Amino acid sequence: MAKVFVYGSLKKGQPNHFSMMDHANGQAEFVAHARTVDRYPLVIATKYNVPYLLNVPGSGQHVTGEIYSVDQQMLDYLDWFEKCPQKYQRSVIRLEVQDGPGGGEHTPKAGSADGPGGGEHTPKTGSSLEAFVYSTKTYEPEWLQKPTYESYDTNGDHGLRYVRREDRSPE
């Protein structure tokens, strides 16, 4: 099992969360809420109001999201869903655990068998761990001038409601 950090439309209550829970795509189990240790710009871009985490560490905000433990089938699905590596690139990110369902006493170490690749324990609140994240290095330069967000919600005060793929006009 691998750990994946989601910060946008795949979070609970957001438009694409259903795909994380669809067993036809693989297995995904919620692990904990977390935030990035480093700051990153989380922006809403394109005419479809897509949340993008720009791979520019040290800029933006500490981004909050959810960690899931996923099997290889779900990881493959997420690579397809996120158009990896053309649109988003999957990389490893360091996170601080905010809360989880269990509050276990285990803190995975970077580069260990329980880094992004798993571990069987629920992480302790305040601990840090590594997980995969889908961020992008391929973005329009003007996106760096957009407002950044700590947390994404399609129904947020920004008024930029996400447009699901099936609701988009053909290119």
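The values are calculated or read from the model by the stated rules, or taken from the named source; none is laboratory data. Keep in mind the model is a prediction, meaning the values are calculated, not measured. As a convention, Cβ positions derive from the backbone with ideal geometry for all residues, glycine included, and neighbour counts pool all protein chains shown. The area values use the complete protein model at the heavy-atom level, side chains included, leaving out ligands, DNA and RNA. Shrake-Rupley method; radii C 1.70, N 1.55, O 1.52, S 1.80 Å.
Miscellaneous remarks
- Out of VAL70, VAL63, one residue alone is closer than 19 Å to ALA24 by Cβ and either at pLDDT 95 or above or of a type outside the set (Ser, Thr, Tyr) (or both). It is VAL70.
- Residue check, GLU120 open to solvent by 60 Å² or more (accessible area, probe 1.4 Å), at pLDDT below 90, among the charged types (D, E, K, R) and part of a loop (DSSP other than H, G, I, E, B): yes
- Looking only at the stretch 58-81, and only at residues there that are of a type in the set (Ser, Thr, Tyr) and open to solvent by less than 30 Å² (accessible area, probe 1.4 Å), the one that is farthest from TYR149 (Cα to Cα): SER69
- Residue count for the stretch 1-57 under the criterion of being open to solvent by 50 Å² or more (accessible area, probe 1.4 Å), without any contact (Cβ under 8 Å) to a residue 60 or more places away in the chain and in a strand (DSSP E or B): the result is 1.
- Cβ-Cβ contacts under 6 Å between residues 6 or more apart (or on different chains), taken from a first residue in the stretch 138-165 that is touching a residue at least 40 places away in the same chain (Cβ under 8 Å) to a second residue that is outside any loop (DSSP other than H, G, I, E, B) and open to solvent by 80 Å² or more (accessible area, probe 1.4 Å), are absent.
- Residue within the stretch 151-169 that is more than 12 Å from LEU54 (Cβ to Cβ), among the small types (Gly, Ala, Ser) and not in a loop (DSSP other than H, G, I, E, B) present: no
- Evaluation of VAL56 against (1) among the hydrophobic types (A, V, I, L, M, F, W, C); (2) in contact with a Lys or Arg (Cβ under 9 Å, 6 or more places away or on another chain); (3) at pLDDT below 95 (one fails), failing number: (3)
- Extreme residue, farthest from the chain's Cα centre (by Cα), among residues of the stretch 127-143 that are closer than 13 Å to LEU42 by Cα and in a loop (DSSP other than H, G, I, E, B): TYR139
- Scan the stretch 60-86 for residues that are of a type in the set (Ser, Thr, Tyr) and assigned to a helix (DSSP H, G or I) and the total you get is 1.
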